[in-house]
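S.K.: This is the structure I want to talk about, given as structure tokens.
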Amino acid sequence: MHRSPIHLDDLRWEPGNYGIARNNQLVANEVAEAGKADSWLMEGVYGWLANVVLHRATTLIWIDLPEEECIANVNDRGIQGGGSDEAFQELITWIAEYRLRNNLSCFAAHSKLFEAFTGSKFLLKSRSVISAYLYNLSQVS
């Protein structure tokens, strides 16, 4: 059975109001429920949510691109559903400070999470490495 990826942003923010956070416990419960499936793929930068299902994960992939690339991607994508200019600028600042801040969605926390994971794991630090990983994955399937 093919399942759609679970985008943690879709669970974190109020539908149609990107930037307005939903209740943390409600979101964590939804992530835990999604993680009960036989197979799943979750995507996002929320270390605190990853911890909810990490014990069930068989593979962990950390895409750690330079902040400049992430900011360019977000600028290309633009404001998401219901977001404001102010929230968009806050997101750009949040990305720029990824390696400086100290919370569960920062470089240090992600690094700790990645190092502690005992399953199969991949650290992808450039677009060429990501492309090679995807190519190799397609050869196995």
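The values are calculated or read from the model by the stated rules, or taken from the named source; none is laboratory data. Just so it is clear, the structure is predicted and the values come from calculations on it, not from any experiment. Virtual Cβ from ideal backbone geometry, glycine too; neighbours counted across all protein chains shown.
S.K.: Which numbered condition in (1) part of a helix (DSSP H, G or I); (2) under 23 Å from Glu14 (Cα atoms); (3) small (Gly, Ala, Ser); (4) in contact (Cβ under 8 Å) with a residue 24 or more places away in the chain is the only one that Ser105 fails?
M.R.: Going through (1) part of a helix (DSSP H, G or I); (2) under 23 Å from Glu14 (Cα atoms); (3) small (Gly, Ala, Ser); (4) in contact (Cβ under 8 Å) with a residue 24 or more places away in the chain one by one, Ser105 breaks only (1).
S.K.: Select from the stretch 56-93 the residues that are among the hydroxyl-bearing types (Ser, Thr, Tyr) and under 16 Å from the mean Cα position of the chain (by Cα) and list them in ascending order.
M.R.: If the condition is that a residue be among the hydroxyl-bearing types (Ser, Thr, Tyr) and under 16 Å from the mean Cα position of the chain (by Cα), then Thr59 is the only one that fits.
S.K.: If you go through the stretch 22-45, how many residues are in a helix (DSSP H, G or I) and either modelled with pLDDT of 95 or more or surrounded by fewer than 16 Cβ atoms within 10 Å (Cβ to Cβ) (or both)?
M.R.: Selection size over the stretch 22-45: 10.
S.K.: Could you list, in sequence order, all residues of the stretch 38-86 that are touching a strand residue (DSSP E or B) at 6+ places or on another chain (Cβ under 9 Å) and aliphatic (A, V, I, L, M)?
M.R.: Within the stretch 38-86, Leu41, Met42, Leu49, Ala50, Val53, Leu54, Ala57, Leu60, Ile61, Ile63, Leu65, Ile79 qualify.
S.K.: From the set of residues in the stretch 46-67 that are without any contact (Cβ under 8 Å) to a residue 40 or more places away in the chain and not in a loop (DSSP other than H, G, I, E, B), which is farthest from His7 (Cα to Cα)?
M.R.: Out of the qualifying residues, it is Glu67.
S.K.: Could we say that Gly119 is surrounded by 15 or more Cβ atoms within 10 Å (Cβ to Cβ), among the small types (Gly, Ala, Ser) and in contact (Cβ under 8 Å) with a residue 12 or more places away in the chain here?
M.R.: For Gly119, the condition - surrounded by 15 or more Cβ atoms within 10 Å (Cβ to Cβ), among the small types (Gly, Ala, Ser) and in contact (Cβ under 8 Å) with a residue 12 or more places away in the chain - is not met.
S.K.: Also: Do we find a residue being within 25 Å of Ile95 (Cβ to Cβ) and in contact with a helix residue (DSSP H, G or I) (Cβ under 6 Å, 6 or more places away or on another chain) anywhere in the stretch 54-62?
M.R.: Scanning the stretch 54-62, I find at least one residue that is within 25 Å of Ile95 (Cβ to Cβ) and in contact with a helix residue (DSSP H, G or I) (Cβ under 6 Å, 6 or more places away or on another chain), so the answer is yes.
S.K.: Provide a single number: the residues in the stretch 92-112 that are within 13 Å of Asp64 (Cα to Cα) and of a type in the set (Lys, Arg).
M.R.: Selection size over the stretch 92-112: 1.
S.K.: Now, a different point. Among the residues of the stretch 46-66, what is the count of those that are farther than 21 Å from Tyr98 by Cα and not small (Gly, Ala, Ser)?
M.R.: Looking only at that region, the number is 7.
S.K.: What single numbered condition from (1) aliphatic (A, V, I, L, M); (2) touching a Phe, Trp or Tyr at 6+ places or on another chain (Cβ under 6 Å); (3) surrounded by fewer than 12 Cβ atoms within 10 Å (Cβ to Cβ) fails to hold for Leu134?
M.R.: Leu134 satisfies all of (1) aliphatic (A, V, I, L, M); (2) touching a Phe, Trp or Tyr at 6+ places or on another chain (Cβ under 6 Å); (3) surrounded by fewer than 12 Cβ atoms within 10 Å (Cβ to Cβ) except (2).
S.K.: Limited to the stretch 68-87, what total is found for residues that are assigned to a helix (DSSP H, G or I) and either in contact with an Asp or Glu (Cβ under 9 Å, 6 or more places away or on another chain) or free of Cβ contacts under 8 Å to residues at least 24 places away in the same chain (or both)?
M.R.: 9
S.K.: Something else: Being free of Cβ contacts under 8 Å to residues at least 40 places away in the same chain, under 17 Å from His7 (Cβ atoms) and in contact with a helix residue (DSSP H, G or I) (Cβ under 6 Å, 6 or more places away or on another chain) narrows it down to one residue among Ala32, Ala37; which is it?
M.R.: Going through Ala32, Ala37 in turn, just one is free of Cβ contacts under 8 Å to residues at least 40 places away in the same chain, under 17 Å from His7 (Cβ atoms) and in contact with a helix residue (DSSP H, G or I) (Cβ under 6 Å, 6 or more places away or on another chain): Ala32.
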